[in-house]
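Contents: one structure, followed by commentary.
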Amino acid sequence: MQTVSTPAPATGTLFIVATPIGNLDDLSRRAEKVLASVDLVAAEDTRHSGRLLQHLGLNKAMWPLHDHNERERSGALLDRIAGGESVALVSDAGTPLISDPGYVLVRAARQRGIRVVPVPGACAMVAALSAAGLPTDRFLFAGFLPVKTVARSKVLESLSREESTLVFYESPRRVVALLEDICNTLGEGREVVLARELTKAFETWYSGSVTDVVDALRADAHSGKGEYVVMVGGSPSAGQARVAVDADRVLSLLVPELPLKKAVKVAAELTGVPRNELYQRALELKDQ
Ligand code: SAM
């Protein structure tokens, strides 16, 4: 009698698949092929991603994998991959793990020696930076900042000396509040670029000083809806910081001539140094 032994299944692959952020044509051909080839699609929202699969004519087994169950379900998902199945991780839009679930899964996969393969594509942060006209040689992506203004301002304060271009995600409900906090912590001299509804029919860009952009948002009846990437020019570099040293001179000239708040406002505009930093120094000068 001949016995046929079944070979142990080879380990499968975990694909991290980027999906469009608005325009379905941005799904890559490779992403489509990978989605068609895998045994299972792990999705942040299975109903949402189910519509994308339906649009592609694919009928796939799906697993919900989101912030609330990722820790608990990653092990079982990786067991299936270790058993030979291949899995695609997708989020609602853009690149998984970029302000989206997946970190716990990918980390655990790498720790278990499972092959993790990125399938790159749309990412709102990269799309926004690529067309904003701000320096892109160095940037700092900070995702969503805290919702409450005190906590948000604390994070912004910690970034006030950062020379890289700053990139944030923000909801339309909080975008003006974020800009007001940017004005108070980083100074109103900073250049700001907002990208709204990227790749969609009503893609809109706002740029200028923080106050210009707040005014433009207030004047635009559509600004309260849609998705935003907020980009802020970095702090002046060490070379340019000589201007900041001169802030002291500017203040010492303005404080005797103007009401304190006005002196601080004008000095902030002229030097780009945040108002709260100048205010303390202005008080000292006034007392002298
Ligand atoms: N993983 C996604 C990516 O790769 O960009 C980001 C997911 S995060 C939960 C969603 C945020 O991304 C939105 O609140 C918005 O700040 C930004 N975003 C997503 N799509 C966008 C678009 N079409 N235009 C502008 N911002 C967008």
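Among 149, 271, 202, which residue has its Cα furthest toward the positive end of the charge dipole of the chain, with +1 on Lys/Arg Cβ and -1 on Asp/Glu Cβ?
The one lying farthest along the dipole's positive direction is 149.
Stretch residue 287-residue 140 to full length: gain in nm at 0.36 nm per residue minus the Cα-Cα span?
Result: 49.0 nm gained on full extension.
Tell me the angle of helix 70-82 to the major Cα principal axis of the chain, expressed in degrees between 0 and 90 and rounded to the nearest ten.
With both axes taken from Cα atoms, the answer is about 40 degrees.
Which Rg and Dmax, in Å, describe the Cα atoms of region 78-235?
Both quantities, over Cα of region 78-235: 17.9, 57 Å.
Take the residue pairs 33/225; 148/286; 148/225; 148/261; 33/200; 148/265 and return only those whose Cα atoms are more than 28 Å apart.
33/225; 148/286
What is the mean projected area of the alpha carbon convex hull for the chain, to one decimal in square nanometres?
20.2
Along Cα→Cβ, 7 Å out, is where each label goes; now give me the distance between the ones at residue 207 and residue 257 in nm to one decimal.
3.3
Any chance you could give the angle, 0 to 90 degrees and rounded to 10, that helix 242-254 forms with the longest Cα principal axis of the chain?
Taking the Cα atoms of the chain, the angle to 242-254 is about 40 degrees.
So, with +1 on the Cβ of K and R and -1 on the Cβ of D and E, and no other charges, what is the size of the charge dipole of the chain about its Cα centre, to the nearest 20 debye?
So the dipole magnitude of the chain works out to roughly 520 debye.
Can you give the helix-only mean residue ellipticity at 222 nm for the chain, where every DSSP H stretch with n ≥ 4 adds -39500 (n - 2.57) and the sum goes over all residues, rounded to the nearest 500 deg cm²/dmol?
Mean residue ellipticity at 222 nm (helix-derived): -12500 deg cm²/dmol.
Quick one: angle between helix 149-158 and the longest Cα principal axis of the chain, in degrees between 0 and 90, rounded to 10, please.
Taking Cα atoms only, the helix is inclined about 80 degrees.
Take the Cβ-Cβ distance between residue 158 and residue 79 as r, set R0 to 41 Å, and report the resulting FRET efficiency rounded to the nearest 0.05.
0.50
Short version: ³J(HN,Hα) in whole Hz for each residue of region 114-127, in order, from phi by Karplus 6.51 cos²θ - 1.76 cosθ + 1.60 (θ = phi - 60°), x for Gly and Pro, what are they?
Those phi angles translate into 7, 6, 10, 10, x, 10, x, x, 5, 8, 4, 4, 5, 4 Hz.
Work out how much length residue 149 to residue 39 would gain on full extension: take 0.36 nm times their residue separation and subtract the Cα-Cα distance, in nm to one decimal.
Full-extension gain reported as 35.1 nm.
Values in this text are rule-based calculations from the coordinates and carry no lab data. Remember, predicted model here, so these are calculated numbers, not experimental data. All Cβ positions, glycine included, derive from the backbone under ideal geometry; neighbour counts span all protein chains shown.
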